[in-house]
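Taken together, the values in this text are just the output of simple stated rules run on the coordinates, not laboratory data. Since the structure is predicted, the reported quantities are computational estimates derived from the model, not experimental observations. All Cβ positions, even for glycine, are placed from backbone atoms using ideal geometry, and neighbour counts span all protein chains on display.
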Ligand code: FCB
């Protein structure tokens, strides 16, 4: 294979993949357990990664990734506020981490990924300030346990998506709508919890290595389809202020800046508004209509690889922190489309890094086809397919897995 058009990444760059507990583990007892997705699916078994993690780590090894971003499920580990952590569940996560390390795969753990323990949901979840103290206690216990094993800590995954879908749009449990005050309270409480967790994690000195800590911020660009449409522009600007600006300020503004040593960026693309409608498949606009508009979309949002350069340069200039692309991926049955998408985004990433942005790793969403929240099993993000119609949930690598394996092996991408 010629490498003439190959873009090479710096030595030590992390090439990873990502999952979250509710989406892959199965057997969770949180607010998603009784949730029925739009396709009628639920997360009760999901990929059964809970039992099959060792096989899934073998898949990662075959892919040649050197990093894995995954969650520790709080509801498994702590059955009551301030209670000791569950020993068996801890032992299972220790085994996951030990197997990853044995396969030379660096773990990045996520502490909150759209789910809470039932006892926290019973008192209003993150709208209740008690969540902050409870999370602090949980993190203190976790760091005591894992400080010699985990050096990449991702406290909150996409607080903006979580608070928006749970309290504004009603897509996630508890399915509230237009509770702006609760949306803001959730963000404020999570930001405070992140600040405290950051302090705890950074001060837990383990094995002479400094732990790194950050959130994963979902960044969507919000634009008006027709730039002269005042209403669409106003809506786009409101979304930008509420989901991007307000959230970044809450987590990284003022003294909270000190809590983070990196920024995690989840970047998929953009959302354009036309007559106040979000023109994306995830918002219900049919694919053929989007094509007529000239939009290139996966099964979720519009592709916008050049936006990656814009957001990376903005984050670097504003915060001067190292960045990990904690998620990017495409959902589609069309593997050629996904392959092109990956190359386009990695080319944009490479241009940003050549221009001086300090990006340390890229995590493909996702290792496996999985339970995509309110959409259930219809969105195929996996490098590895899972056959959910077969009770044995067989795994099978997709064509993109080979492409990604080549990227990981060569630490570069061919265009
Ligand atoms: C992100 C979530 C992740 C998955 C991908 C497609 O917003 O963090 O769990 O749903 O989108």
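Counting neighbouring Cβ atoms within 10 Å and putting the fewest first, the residues 344, 292 line up as 292, 344.
Measure out, as a whole number of angstrom, how far apart the alpha-carbon centroids of region 113-132 and region 174-213 sit. Using only Cα atoms, the two centres lie 13 Å from each other.
Here the label points at residue 80 and residue 237, each 7 Å from Cα along the C-beta direction, are separated by 5.3 nm in the simple model. Distance between the modelled labels on residue 318 and residue 103, one decimal in nanometres: 3.6 nm (7 Å Cα→Cβ projection).
For the chain, what class follows from the C-alpha gyration tensor (a ≥ b ≥ c being the square roots of its eigenvalues): rounded when a/c is under 1.5, otherwise prolate if a/b is larger than b/c, else oblate? Rounded, because the longest to shortest axis ratio a/c is under 1.5. Packing, taken as the mean count of other beta carbons within 10 Å per residue, orders the peptides 20-30, 405-415, 40-50 from highest to lowest as 20-30, 40-50, 405-415.
Region 3-34 and region 237-274 have Cα centres separated by 21 Å. Based on the reciprocal of the average 1/r between different C-alpha atoms, the Kirkwood radius for region 22-82 equals 13.2 Å. For the chain, the relative contact order comes to 20 percent (Cα pairs under 8 Å, sequence separation of at least 6). Please work out whether region 239-319 counts as rounded, prolate or oblate from its C-alpha gyration tensor, where a ≥ b ≥ c are the square roots of the eigenvalues and a/c under 1.5 means rounded, while otherwise a/b larger than b/c means prolate and anything else oblate? It comes out prolate by the Cα gyration axes.
Each Cα pair under 8 Å and six or more residues apart adds its separation to the average, and for region 48-131 the resulting relative contact order is 37 percent. Distance from the alpha carbon centroid of region 68-108 to that of region 380-415 works out to 24 angstrom.
Taking a point 7 Å out from the Cα of residue 245 in the direction of its Cβ, the residues of region 304-318 whose backbone N falls within less than 17 Å of it are 311, 314-315, 318.
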